[in-house]
1. So which residues in region 71-95 are charged (D, E, K, R) and exposed (fewer than 10 other Cβ atoms within 10 Å of the Cβ), if there are any at all?
2. From 68, 47, 26, which residue is modelled with pLDDT under 90 and loosely packed, with under 12 Cβ neighbours inside 10 Å?
3. Across region 42-78, what is the number of residues that are outside any helix (DSSP H, G or I) and among the β-branched types (Val, Ile, Thr)?
4. In region 27-50, what residues are touching a Ser or Thr at 6+ places or on another chain (Cβ under 9 Å), in contact (Cβ under 8 Å) with a residue 12 or more places away in the chain and of a type outside the set (D, E, K, R)?
Amino acid sequence: MSNTARTKPKRNAKPKTQGSEKPRDAPPEVSRRHPDAHHGAPVTGCACWLCWTHRAMWRREERDRLIATVWDAAHGHEPRDIQVRVGQDASRAFAEVMGALPM
């Protein structure tokens, strides 16, 4: 075997991504012999109700993740519940008592 032969990447190697993550088109599917088949992950090409449910849950989680990303981009800077913002004319003492966010 020559030194130029291809080698498999390490199993623990993380995929290299540039920029923001793009949504995947399909859930990670496994073979029928995989220990997580049907109960932990959908099987490639299987149409049983377990695999269908795993795919539906994956699509729902992916949609929720995208919605959360968009919401954070649009409204992440706004105060949440129990957070207070005071105007610039408020005294420092009042802002500290109210637990106001720094401007």
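The values are calculated or read from the model by the stated rules, or taken from the named source; none is laboratory data. Here the structure is a predicted model, which is why all the values come from computation and not from measurement. Here the Cβ is made from the backbone with ideal geometry for all residues, glycine too, and neighbour counts use every protein chain on show.
1. Within region 71-95, the subset charged (D, E, K, R) is 72, 78, 80-81, 85, 89, 92.
Of everything in region 71-95, those that are charged (D, E, K, R) and exposed (fewer than 10 other Cβ atoms within 10 Å of the Cβ) turn out to be 78, 80, 81, 89, 92.
2. Numbers: 68 fails: modelled with pLDDT under 90; 47 fails: modelled with pLDDT under 90.
Sole residue among the options that is modelled with pLDDT under 90 and loosely packed, with under 12 Cβ neighbours inside 10 Å: 26.
3. From region 42-78, those outside any helix (DSSP H, G or I) are 42-48, 76-78; that's our starting set.
Next cut, among the β-branched types (Val, Ile, Thr) only: 43-44.
Here the count works out to 2.
4. Keep residues of region 27-50 that are touching a Ser or Thr at 6+ places or on another chain (Cβ under 9 Å), which gives 29-32, 37, 42-44.
Narrowing further to those that are in contact (Cβ under 8 Å) with a residue 12 or more places away in the chain: 29-32, 42-44.
Hits for region 27-50 are 30, 31, 42, 43, 44.
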